[in-house]
Amino acid sequence: MTTVGIIPGDGIGPEITAATVQVLSAAAPYLTYEYIEIGHLAPGGATDPLPDEAVARLKRLGAAIKAPLEAPRQTGRVVKVTDDGLRVYPSINNAVRQELELFANVRPIQSLPGIGERDDVDFLIVREVSEGAYSGIEYRFGDVAQAVKVVTRQAWERVAHFSFRLAAERGYDTVLFGHKANVLNLTDGLELEVVREVAMEYPEFELRDMMVDALGQAIVRGDVPRSVVLLDNQYGDILSDVAAGVIGSIGLGPGGNYGEHVAVFEACHGAAPDIAGTGRANPVGLILSGAMMLRHLGDDAAARAVEAAVRTALRDGGARTPDLGGTATTAQVADAVEQAVRATS
Ligand code: ATP
Ligand code: MG
């Protein structure tokens, strides 16, 4: 038995979580689940949306599925009161990443049959999420405002090693680093310097680097080679959404956040409160995030079974929710994917 955490989330979260657990139960029957409610809508969440106790449980479990959490309507900010003072985070998602010490967000960008403009796209975006322009350090003096972009050698050694190891594990022979070192000489320049140094330790892999604006164009044109694409926090935030859009619906993209203690798997999209409770939510992004978790747990066969089942269910057409032009409900997609898993195992 392996126990993993489940954060059921807000909006469509509980519906797509149920769909995901249904599919995982077929593919990996040895898994058990511990439900952990966080966020400002959780019981007690108004005073502490991310209790230390929840953070400790997640670290102890080591792996979790997280459905989207809604941002508080007023400020969006999350404030934690600790012994050593106040910690203020720009969002609950940011708070989860920081408190759990997650440093790399991975988003596979892979075409699915018959969906989106291209059918041959295959790369993995690794976004550094611990620092950069989203360090949370901003100042405003009247009509002048500044944001501080923080770049450290330590964080870039960590994420560069992670990217090359991921390339090795997933069978990619290139790491493609996107930056703007021609303009941001010192910050992006340090990133490039460290990535080049780390690359020397992986001579069997090719390191390519590209200006991030040119990379954006390549993503939209479908010209990105099979590779692990490494980006800093802000470029990665923007380009991973652009890339997900090129593949098809926002409801399809999976993701994983990796740290030293724990990995948290979540879909690209938000809580979609506008369609919560209507059965229109596409669960594929979270189901594929579940496959990433299985791979992280070392069960490659189960991960591949889930991914193949999603492809089969989408190809047959019956498992398409309204965002993909279909009429299937969230529960019908879960049934179709579960059946496809059972048919192959
Ligand atoms: P957040 O601030 O939480 O990121 P958001 O406002 O950026 O939220 P989403 O919640 O991702 O955006 O929703 C954007 C649009 O996409 C909404 O119209 C929503 O209904 C739709 N959407 C998001 N996820 C899904 C999904 N899984 N299935 C179908 N539609 C979705
Ligand atoms: Mg969003």
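No value in this document is a laboratory result; all are computed from the given coordinates. None of these values were measured; they are calculated from a predicted model. All Cβ positions, even for glycine, are placed from backbone atoms using ideal geometry, and neighbour counts span all protein chains on display.
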Could you tell me how far the Cα centroid of region 20-44 sits from the Cα centroid of region 137-186, in Å? 32
Region 7-148: relative contact order as a whole-number percent, Cα under 8 Å and 6+ apart: 17
The long-range amide H neighbours of Gly5, using H built 1.01 Å from N in the peptide plane and a cut-off of under 5 Å, are Glu34, Ala63, Ala64, Ile65
Which residues qualify? For Leu176, with a placed amide H closer than 5 Å and at least 5 residues away or on another chain, they are Arg208, Val228, Val229, Leu230
Could you work out, for region 13-168, what percent of all Cα-Cα pairs fall into each 5 Å distance bin, beginning at 0 Å and stopping at the bin that holds the largest distance? 2, 7, 12, 15, 18, 18, 14, 10, 4, 1, 1, 0
Karplus couplings for region 259-266 from phi (6.51 cos²θ - 1.76 cosθ + 1.60, θ = phi - 60°), rounded to Hz, Gly and Pro as x? x, 6, 9, 8, 10, 10, 10, 8
Say a site is exposed when it is one of the GluC sites (Glu not before Pro), sits in a DSSP loop, and has at most 11 other Cβ atoms within 10 Å; what is then the longest site-free stretch of the chain? 1-200
Please report, in whole Å³, the volume per residue of the convex hull around the C-alpha atoms of region 153-248. 90
If the cut-off is 22 Å between C-alpha atoms, which lysines fall inside it for Lys80, apart from same-chain ones fewer than 8 positions away? Lys59, Lys66
